[in-house]
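Report on one structure; see the data block that follows.
Nothing in this text is a laboratory measurement; each read-out follows from the coordinates by a stated rule. What you are looking at is a predicted structure, and each value in this text was computed from that prediction instead of being measured. Glycine also receives a Cβ, built like all others from the backbone with ideal geometry; neighbour counts cover every protein chain displayed.
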Amino acid sequence: MAKQPKRIKAWTGDRDAAHSVEAAIKLVKENAKAKFDETIEISVNLGVDPRHADQQVRGVVNLPSGTGRDVRVAVFAKDAKAAEATAAGAEHVGADDLYEKIAGGFMDFDRVIATPDMMALVGRLGKVLGPRGLMPNPKVGTVTPNVGQAVKDAKGGAVEFRVEKAGIVHAGIGKASFTEEALLVNVKALIEALNRAKPSGAKGVFVKRVGLSSTMGPGFKVDIASIG
């Protein structure tokens, strides 16, 4: 049998029991021992079958405590809207010029926002942006005439979520350096957003299981009732 790395041997806490959300956050933080500021991640198993169109779950949530990430934003806009995006802090703003850069392999951004009139152009980048989950979508507020606010939201803690084939939503809800209180309000905000996004086709229990972990640490089960 292969020997376990020292970092795994050093893990503490019961990984089989369901903990209160406060206890789970504390355990995740205690086990985040990497030399970098680990991302705290949440996994939520939902009672949906994403193969059915009426059971898709997708949306965006503004995390009250932010994400701890420096989000780089690219905006497709022209004239006054381009100036608005630049003033809001977008790193890359343009139209045909930005299209050419991305088509040529430029990917130095984490979020793409577009005004509605730019979507005919942006749509041609579907094979590049789509597989990376970067394609602008009005359902998550990344296709909007209000590009300035969209840029501020992206940089201030907006997180997109989308259910995967197995019915699970994964999202980063902060950093190990965050306080337990800051992570708690972010967890609750995400769960509330998921409940608001519950599709009409979902039957029975919607939020079935919740787990928390850090980038390099173990995962801990959360007692759903403790989230409220």
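Laid out as a table, the results:
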read-out: Sparse-neighbour loop sites [trypsin sites (Lys or Arg not before Pro); the stretch 160-228; at most 14 other C-beta within 10 Å; DSSP]; value: K165, K203
read-out: Environment charge of A23, counting only residues whose C-beta is closer than 12 Å and scoring Lys/Arg +1, Asp/Glu -1; value: -2
read-out: Listed values (i) 31; (ii) 16; (iii) 21, entry calculated as percent of Cα pairs over 31 Å apart; value: (i)
read-out: Set K188/K221; K35/K152; K29/K221; K81/K152; K29/K175; K26/K175 screened for pairs whose C-alpha atoms are more than 18 Å apart; value: K35/K152
read-out: The stretch 1-137 - percent relative contact order, Cα under 8 Å, separation 6 or more; value: 17 percent
read-out: Signed unit charges on C-beta, dipole axis of the stretch 109-224, positive-most listed residue G141, V163, F178; value: V163
read-out: Between the stretch 33-70 and the stretch 182-228, the Cα center-to-center distance that results, in Å; value: 9 Å
read-out: Sites D117 and E180, calculated FRET efficiency, Cβ-Cβ separation with R0 45 Å, nearest 0.05; value: 0.50
read-out: Per-pair calculated FRET efficiency, R0 = 45 Å: R69 and S200 via Cβ, rounded to 0.05; value: 0.85
read-out: Estimated distance in nm for a label pair at V128 and K221, the labels positioned 7 Å out from Cα along Cα-to-Cβ; value: 4.6 nm
